[in-house]
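The values are calculated or read from the model by the stated rules, or taken from the named source; none is laboratory data. None of these values were measured; they are calculated from a predicted model. Virtual Cβ from ideal backbone geometry, glycine too; neighbours counted across all protein chains shown. Surface accessibility is based on the protein's heavy atoms, side chains included, excluding ligands, DNA and RNA. Shrake-Rupley method; radii C 1.70, N 1.55, O 1.52, S 1.80 Å.
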Amino acid sequence: MNTISLWDGKLGFLAFPLFLLLVVVYLILAVLVFRQLFFAIREKFKDKQRLGVIGALTIVLTLILLKPNGLIDFDKLQGEDLLVAEREGAANCMTTLKLKENNTFTERSVCFGVTEIKGNYELKGDTVFFRNVGVSRNKKSYYKFAVIYKSKTNKIKYLGDIVLYDNAKHKTGNELWITKNELTK
(Lines give C-alpha, C1' and ligand atoms only; values in the text may rest on other atoms or scores of the structure.)
Protein backbone atom coordinates (compact mmCIF):
# COMPACT_ATOMS: atom_id res chain seq x y z
CA MET A 1 0.00 0.00 0.00
CA ASN A 2 1.31 3.42 -0.88
CA THR A 3 1.48 6.10 1.70
CA ILE A 4 0.64 9.65 0.82
CA SER A 5 2.91 11.94 2.74
CA LEU A 6 2.38 15.55 1.85
CA TRP A 7 5.29 17.83 2.70
CA ASP A 8 6.75 15.22 5.12
CA GLY A 9 7.51 18.05 7.52
CA LYS A 10 10.38 19.29 5.35
CA LEU A 11 8.50 21.99 3.46
CA GLY A 12 5.71 22.58 5.94
CA PHE A 13 6.95 26.09 6.64
CA LEU A 14 5.80 27.03 3.12
CA ALA A 15 2.14 26.24 3.82
CA PHE A 16 1.14 29.63 5.21
CA PRO A 17 3.03 31.73 2.61
CA LEU A 18 1.48 29.62 -0.16
CA PHE A 19 -1.95 30.11 1.40
CA LEU A 20 -1.41 33.88 1.40
CA LEU A 21 -0.24 33.75 -2.23
CA LEU A 22 -3.41 31.87 -3.23
CA VAL A 23 -5.59 34.42 -1.40
CA VAL A 24 -3.83 37.25 -3.25
CA VAL A 25 -4.29 35.48 -6.61
CA TYR A 26 -7.99 34.94 -5.83
CA LEU A 27 -8.44 38.63 -4.99
CA ILE A 28 -6.60 39.69 -8.16
CA LEU A 29 -8.89 37.47 -10.25
CA ALA A 30 -11.95 38.94 -8.49
CA VAL A 31 -10.73 42.47 -9.30
CA LEU A 32 -10.15 41.43 -12.92
CA VAL A 33 -13.72 40.13 -13.17
CA PHE A 34 -15.09 43.47 -11.96
CA ARG A 35 -12.77 45.31 -14.36
CA GLN A 36 -13.98 43.18 -17.28
CA LEU A 37 -17.56 43.72 -16.16
CA PHE A 38 -16.97 47.49 -16.12
CA PHE A 39 -15.64 47.36 -19.70
CA ALA A 40 -18.56 45.14 -20.79
CA ILE A 41 -21.09 47.64 -19.39
CA ARG A 42 -19.27 50.49 -21.09
CA GLU A 43 -19.39 48.57 -24.42
CA LYS A 44 -23.07 47.69 -23.80
CA PHE A 45 -22.28 43.94 -23.75
CA LYS A 46 -21.32 43.77 -27.45
CA ASP A 47 -18.02 41.86 -27.10
CA LYS A 48 -18.96 38.14 -26.90
CA GLN A 49 -15.40 37.07 -26.02
CA ARG A 50 -15.36 39.44 -23.02
CA LEU A 51 -18.70 38.00 -21.84
CA GLY A 52 -17.26 34.49 -22.09
CA VAL A 53 -14.24 35.47 -19.98
CA ILE A 54 -16.51 37.13 -17.40
CA GLY A 55 -18.74 34.03 -17.25
CA ALA A 56 -15.83 31.59 -16.95
CA LEU A 57 -14.04 33.60 -14.26
CA THR A 58 -17.28 34.09 -12.32
CA ILE A 59 -17.99 30.34 -12.35
CA VAL A 60 -14.44 29.48 -11.25
CA LEU A 61 -14.36 32.05 -8.45
CA THR A 62 -17.81 31.02 -7.23
CA LEU A 63 -16.85 27.32 -7.17
CA ILE A 64 -13.67 28.14 -5.24
CA LEU A 65 -15.69 30.12 -2.73
CA LEU A 66 -18.44 27.49 -2.31
CA LYS A 67 -16.27 24.34 -2.52
CA PRO A 68 -12.80 25.25 -1.20
CA ASN A 69 -11.87 21.57 -0.65
CA GLY A 70 -12.77 20.62 -4.22
CA LEU A 71 -15.78 19.34 -6.10
CA ILE A 72 -15.03 15.66 -5.45
CA ASP A 73 -14.79 14.24 -1.93
CA PHE A 74 -12.22 11.50 -2.48
CA ASP A 75 -12.67 10.23 1.08
CA LYS A 76 -16.24 9.16 0.25
CA LEU A 77 -15.02 7.30 -2.85
CA GLN A 78 -12.96 4.99 -0.60
CA GLY A 79 -16.09 3.75 1.18
CA GLU A 80 -18.26 4.62 4.12
CA ASP A 81 -16.64 5.34 7.48
CA LEU A 82 -17.57 2.73 10.08
CA LEU A 83 -15.41 4.12 12.87
CA VAL A 84 -13.93 7.60 13.19
CA ALA A 85 -11.63 8.49 16.07
CA GLU A 86 -9.57 11.60 16.64
CA ARG A 87 -7.29 13.32 19.08
CA GLU A 88 -5.95 16.83 19.23
CA GLY A 89 -2.44 17.08 20.57
CA ALA A 90 -0.03 19.84 21.37
CA ALA A 91 0.23 22.84 19.01
CA ASN A 92 -3.21 22.02 17.52
CA CYS A 93 -1.86 18.83 15.94
CA MET A 94 -4.74 16.52 14.96
CA THR A 95 -4.72 12.77 14.38
CA THR A 96 -7.78 11.14 12.77
CA LEU A 97 -8.27 7.40 12.29
CA LYS A 98 -10.99 6.12 9.95
CA LEU A 99 -11.96 2.48 9.56
CA LYS A 100 -13.82 1.94 6.29
CA GLU A 101 -16.48 -0.60 5.32
CA ASN A 102 -14.11 -2.38 2.89
CA ASN A 103 -11.69 -3.28 5.72
CA THR A 104 -9.26 -0.47 4.94
CA PHE A 105 -8.14 2.26 7.29
CA THR A 106 -6.60 5.69 7.01
CA GLU A 107 -4.76 7.58 9.70
CA ARG A 108 -4.26 11.23 8.90
CA SER A 109 -1.97 13.31 11.06
CA VAL A 110 -1.86 17.07 10.58
CA CYS A 111 1.03 18.64 12.46
CA PHE A 112 3.38 21.02 10.67
CA GLY A 113 2.55 19.04 7.53
CA VAL A 114 0.15 16.26 6.58
CA THR A 115 0.96 12.55 6.83
CA GLU A 116 -1.44 9.84 5.73
CA ILE A 117 -0.97 6.16 6.55
CA LYS A 118 -3.17 3.55 4.86
CA GLY A 119 -3.64 -0.17 5.21
CA ASN A 120 -6.09 -2.96 5.96
CA TYR A 121 -7.64 -4.02 9.24
CA GLU A 122 -9.28 -7.10 10.69
CA LEU A 123 -11.82 -6.87 13.50
CA LYS A 124 -12.00 -9.59 16.17
CA GLY A 125 -14.38 -8.69 18.98
CA ASP A 126 -13.27 -5.36 20.39
CA THR A 127 -9.76 -5.61 18.91
CA VAL A 128 -8.66 -4.21 15.56
CA PHE A 129 -5.57 -5.78 13.94
CA PHE A 130 -3.71 -3.72 11.34
CA ARG A 131 -2.34 -5.43 8.21
CA ASN A 132 -0.52 -4.36 5.01
CA VAL A 133 0.31 -0.95 6.42
CA GLY A 134 2.13 1.54 4.22
CA VAL A 135 4.18 3.69 6.59
CA SER A 136 5.53 7.12 5.75
CA ARG A 137 9.18 8.00 5.27
CA ASN A 138 9.51 9.56 8.71
CA LYS A 139 7.89 6.64 10.54
CA LYS A 140 9.49 3.19 10.78
CA SER A 141 6.47 1.11 11.82
CA TYR A 142 2.79 1.35 12.65
CA TYR A 143 0.71 0.00 15.49
CA LYS A 144 0.03 -3.76 15.47
CA PHE A 145 -3.45 -3.59 17.01
CA ALA A 146 -5.99 -1.40 18.79
CA VAL A 147 -8.61 -2.04 21.46
CA ILE A 148 -12.02 -0.34 21.38
CA TYR A 149 -13.47 0.77 24.72
CA LYS A 150 -17.09 1.92 24.87
CA SER A 151 -18.02 5.04 26.80
CA LYS A 152 -19.17 4.47 30.36
CA THR A 153 -21.64 7.35 30.18
CA ASN A 154 -23.92 8.71 27.48
CA LYS A 155 -23.46 12.34 28.53
CA ILE A 156 -20.12 12.96 26.80
CA LYS A 157 -19.76 13.74 23.12
CA TYR A 158 -17.37 10.84 22.51
CA LEU A 159 -18.66 7.30 22.06
CA GLY A 160 -15.60 5.74 23.65
CA ASP A 161 -11.89 5.31 23.06
CA ILE A 162 -9.70 3.32 20.73
CA VAL A 163 -6.23 2.69 22.09
CA LEU A 164 -3.48 1.84 19.61
CA TYR A 165 -0.64 -0.47 20.71
CA ASP A 166 2.76 -1.23 19.17
CA ASN A 167 2.79 -4.78 20.54
CA ALA A 168 1.19 -6.99 23.19
CA LYS A 169 3.82 -6.03 25.82
CA HIS A 170 3.08 -2.34 25.42
CA LYS A 171 1.18 -1.21 28.56
CA THR A 172 0.25 2.32 27.48
CA GLY A 173 -1.02 3.01 24.02
CA ASN A 174 -2.01 6.00 21.95
CA GLU A 175 -5.60 6.86 22.85
CA LEU A 176 -8.00 8.37 20.29
CA TRP A 177 -11.57 9.48 21.02
CA ILE A 178 -14.30 7.80 18.97
CA THR A 179 -16.75 10.21 17.33
CA LYS A 180 -18.53 7.65 15.13
CA ASN A 181 -18.87 3.91 15.66
CA GLU A 182 -20.93 1.74 13.35
CA LEU A 183 -18.67 -1.32 13.43
CA THR A 184 -21.29 -3.48 15.15
CA LYS A 185 -24.55 -2.92 13.27
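Percent of accessible area on the chain owned by carbon and sulfur, 1.4 Å probe?
62
Considering just Cα atoms, how many Å³ per residue does the convex hull of region 75-181 enclose?
123
Per-residue ellipticity at 222 nm for the chain, helices alone: DSSP H runs ≥ 4 residues times -39500 (n - 2.57), over residue total, nearest 500 deg cm²/dmol?
-9000 deg cm²/dmol
How about K144: which aspartates and glutamates have a C-alpha closer than 20 Å to its C-alpha, ignoring those fewer than 8 places off in the same chain?
E86, E101, E107, E116, E122, D126, D161, D166, E175
Which of rounded, prolate or oblate describes region 71-110 when judged by the alpha-carbon gyration tensor and an a/c cut-off of 1.5?
Note, shape of region 71-110 comes out oblate.
Grab the beta carbon distance between T58 and N102, set R0 = 41 Å, and tell me the FRET efficiency rounded to 0.05.
The pair T58/N102 has a calculated efficiency of 0.55.
Under the 0.36 nm per residue contour assumption, what length would be gained going from the current alpha-carbon distance of V114 and A15 to full extension?
Net length gain for the segment: 34.6 nm.
Work out, in µm²/s and without decimals, the Stokes-Einstein translational diffusion coefficient of the chain at 37 °C, 0.692 mPa s, Rh from Kirkwood over C-alpha pairs.
Reported coefficient: 165 µm²/s.
Past 31 Å, Cα to Cα, is the threshold; run K67/K124; K76/K169; K67/K140; K67/K150; K67/K157 against it and keep the listed order.
Over 31 Å Cα-Cα: K67/K124; K76/K169; K67/K140; K67/K150.
Given a cut-off of 16 Å, what percent of all Cα-Cα pairs of region 44-132 lie beyond it?
Cα-Cα pairs of region 44-132 separated by over 16 Å account for 69 percent.
With the chain treated as a Gaussian network of Cα nodes joined by springs under 10 Å, which of V53, V147, V163 yields the largest mean-square fluctuation?
Evaluated over the chain, the most mobile residue of the options is V53.
How many Å² of accessible area per residue for region 75-181, probe 1.4 Å?
Result: 60 Å² per residue.
Taking the Cβ of N132 as the centre, find all other residues whose Cβ is under 12 Å away and add up their charges (Lys, Arg: +1; Asp, Glu: -1).
+1
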